[in-house]
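Remarks on the structure that follows.
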Amino acid sequence: MGDNERSFQFQQDGAAEEREPATAEQAAGERPGASEETADSPADGAQLQDPTALLASLAAERDQLVKERDEYYDLLLRRSAEFENFRKRVERERRELTELAGMEAVRELLPVLDDFERAVQVETSDREYAKGIELIYQRLMDALTKLGLEPITSRGEKFDPYRHEAVEMAASEEFEEQTVIEEYRRGYNFKGRLLRPAMVKVAVKPDTDGRGQA
């Protein structure tokens, strides 16, 4: 082996010897990190909650959510009931307002209806004229009836101060006392509500001298 070869071998051996301490130091540097990871593992396990406490916490949260749900549902029911009552009240008021407007309109037409009713009762030789008047009266009456007009039956009925207006009293032995014996002006209801009382004559019991009692 020549001098050059021995020199090259000597250099390789020296480089190998220099690398060995570095490898040992690197290994020594990695060991503390591994020790730290091993040391951290028990700490992570210590942070885990007790299963019983965790279940209790979840149960309490569930109960709170159930309570809030029930409260919101009860609030929804109450708000729905309030809205339904409000809707019914508005509908009732609207219906009453419409009926009141119709009632007042029909009330204004009652004098016209009275005139036609009297005209029908007048005797005339002109049958065509009488027939025309009767036809107009009937059509007007039918139209008002469809709107809600209801004639009040008075003759032969017991006097009712709410439905009848007594303009005359007459002694009578034929009729029972306080019986309506004649109607001067017809009364009307409108959809079950009094629109106009009837003007009537009422029978009273005669006194000893044949006159009606006051």
Legend entry - Counted residues, region 75-120 - those being under 17 Å from Phe190 (Cβ atoms) and over 26 Å from the mean Cα position of the chain (by Cα): 12
Inset, instruction - For Glu99, indicate whether it is acidic (Asp, Glu), surrounded by 15 or more Cβ atoms within 10 Å (Cβ to Cβ), touching a strand residue (DSSP E or B) at 6+ places or on another chain (Cβ under 9 Å) and assigned to a helix (DSSP H, G or I). - result: yes
Inset, instruction - Give Val167, Val120 a once-over and let me know the one that is among the β-branched types (Val, Ile, Thr) and touching an Asp or Glu at 6+ places or on another chain (Cβ under 9 Å). - result: Val120
Legend entry - Where a residue in region 100-118 is free of Cβ contacts under 8 Å to residues at least 60 places away in the same chain and its partner, wherever it lies, is not in a helix (DSSP H, G or I), with Cβ under 9 Å and at least six apart: Leu109/Leu149; Leu113/Leu149; Leu113/Arg186; Leu113/Tyr188
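Quick one: would you say Ala166 is of a type in the set (Gly, Ala, Ser), surrounded by 13 or more Cβ atoms within 10 Å (Cβ to Cβ) and modelled with pLDDT of 90 or more? Break it down stepwise before answering.
Values: of a type in the set (Gly, Ala, Ser): yes; surrounded by 13 or more Cβ atoms within 10 Å (Cβ to Cβ): yes; modelled with pLDDT of 90 or more: yes.
Considered against the rule, which asks whether it is of a type in the set (Gly, Ala, Ser), surrounded by 13 or more Cβ atoms within 10 Å (Cβ to Cβ) and modelled with pLDDT of 90 or more, Ala166 comes out as yes.
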Inset, instruction - Check every one of the strands (runs of 3 or more DSSP E) wholly within region 108-214 and list those with 1 or more residues that are under 30 Å from Glu96 (Cα atoms) and out of contact with any Leu (no Cβ under 8 Å at 6 or more places or on another chain). - result: 149-151, 164-171, 180-185, 193-196, 198-204
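Here is a check on your reading of the model: is Arg155 touching an Asp or Glu at 6+ places or on another chain (Cβ under 6 Å) and within 16 Å of Gly187 (Cα to Cα)? Spell out the reasoning first.
Details: touching an Asp or Glu at 6+ places or on another chain (Cβ under 6 Å): yes; within 16 Å of Gly187 (Cα to Cα): yes.
Yes: the conditions hold for Arg155.
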Inset, instruction - Take Gly192 and decide whether it is in contact with a strand residue (DSSP E or B) (Cβ under 9 Å, 6 or more places away or on another chain), surrounded by 16 or more Cβ atoms within 10 Å (Cβ to Cβ) and either charged (D, E, K, R) or without any contact (Cβ under 8 Å) to a residue 60 or more places away in the chain (or both). - result: no
Inset, instruction - Answer yes if at least one residue in region 121-142 is without any contact (Cβ under 8 Å) to a residue 24 or more places away in the chain, more than 25 Å from Arg163 (Cα to Cα) and under 24 Å from the mean Cα position of the chain (by Cα), and no otherwise. - result: no
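Matching residues to (1) hydrophobic (A, V, I, L, M, F, W, C); (2) closer than 30 Å to Phe175 by Cα:
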{"site": "Arg94", "(1), (2)": "no, no"}
{"site": "Val106", "(1), (2)": "yes, no"}
{"site": "Ala119", "(1), (2)": "yes, yes"}
{"site": "Val122", "(1), (2)": "yes, yes"}
{"site": "Tyr129", "(1), (2)": "no, no"}
{"site": "Asp142", "(1), (2)": "no, no"}
{"site": "Tyr162", "(1), (2)": "no, yes"}
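The values are calculated or read from the model by the stated rules, or taken from the named source; none is laboratory data. Quantities reported herein were computed from a predicted structural model and do not represent experimental measurements. Cβ: placed from backbone, ideal geometry, glycine included. Neighbour counts: every protein chain shown.
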